[in-house]
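What follows is one structure encoded as structure tokens, with my remarks underneath.
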Amino acid sequence: MSDLPTYVLERTFNAPRHLVWRTWTEPALLARWYGPNVETIIHKLDVRPGGLWLNEMKMGERSGYQKAE
């Protein structure tokens, strides 16, 4: 177990559940989730329990990473 904080994201989308799941679990679709002005590179996307999600986002001169375990 990690000592990092955990969080729960709850949101209702006006879209079929399978499409939302595909969008969050397929790297090419997830990269588009953030919009047209964000360059997103998916380094790792393993949504199984114990998996790792690591992506890099670039917005103009800025860049940052997101990591979730």
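If you go through segment 11-34 one residue at a time, do you hit one that is surrounded by 12 or more Cβ atoms within 10 Å (Cβ to Cβ), assigned to a strand (DSSP E or B), in contact (Cβ under 8 Å) with a residue 24 or more places away in the chain and touching a strand residue (DSSP E or B) at 6+ places or on another chain (Cβ under 7 Å)?
No: segment 11-34 contains no residue that is surrounded by 12 or more Cβ atoms within 10 Å (Cβ to Cβ), assigned to a strand (DSSP E or B), in contact (Cβ under 8 Å) with a residue 24 or more places away in the chain and touching a strand residue (DSSP E or B) at 6+ places or on another chain (Cβ under 7 Å).
For (1) in contact (Cβ under 8 Å) with a residue 40 or more places away in the chain; (2) of a type outside the set (D, E, K, R); (3) surrounded by 11 or more Cβ atoms within 10 Å (Cβ to Cβ); (4) not in a strand (DSSP E or B), each residue gets a yes or a no:
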site: D3; (1), (2), (3), (4): no, no, no, yes
site: V8; (1), (2), (3), (4): no, yes, no, yes
site: P36; (1), (2), (3), (4): no, yes, no, yes
site: T40; (1), (2), (3), (4): no, yes, yes, no
site: K44; (1), (2), (3), (4): no, no, yes, no
site: G50; (1), (2), (3), (4): no, yes, no, yes
site: E56; (1), (2), (3), (4): no, no, yes, no
site: S63; (1), (2), (3), (4): no, yes, yes, no
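Out of segment 1-48, which residues are of a type in the set (D, E, K, R) and closer than 23 Å to G60 by Cα?
Those that are of a type in the set (D, E, K, R) and closer than 23 Å to G60 by Cα: R32, E39, K44.
Please work out which one of (1) of a type in the set (A, V, I, L, M, F, W, C); (2) at pLDDT below 85; (3) in contact with an Asp or Glu (Cβ under 9 Å, 6 or more places away or on another chain) is the condition L52 fails and give its number.
So L52 meets the others, but not (2).
So that you can scan it fast, the table gives a plain yes or no per residue for (1) touching a helix residue (DSSP H, G or I) at 6+ places or on another chain (Cβ under 8 Å); (2) charged (D, E, K, R):
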position	(1), (2)
P5	no, no
E10	no, yes
L30	yes, no
P36	no, no
L45	yes, no
K58	no, yes
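The values are calculated or read from the model by the stated rules, or taken from the named source; none is laboratory data. Keep in mind the model is a prediction, meaning the values are calculated, not measured. Quick reminder, even Gly has a Cβ in these numbers, built from the backbone with ideal geometry, and neighbours come from all protein chains shown.
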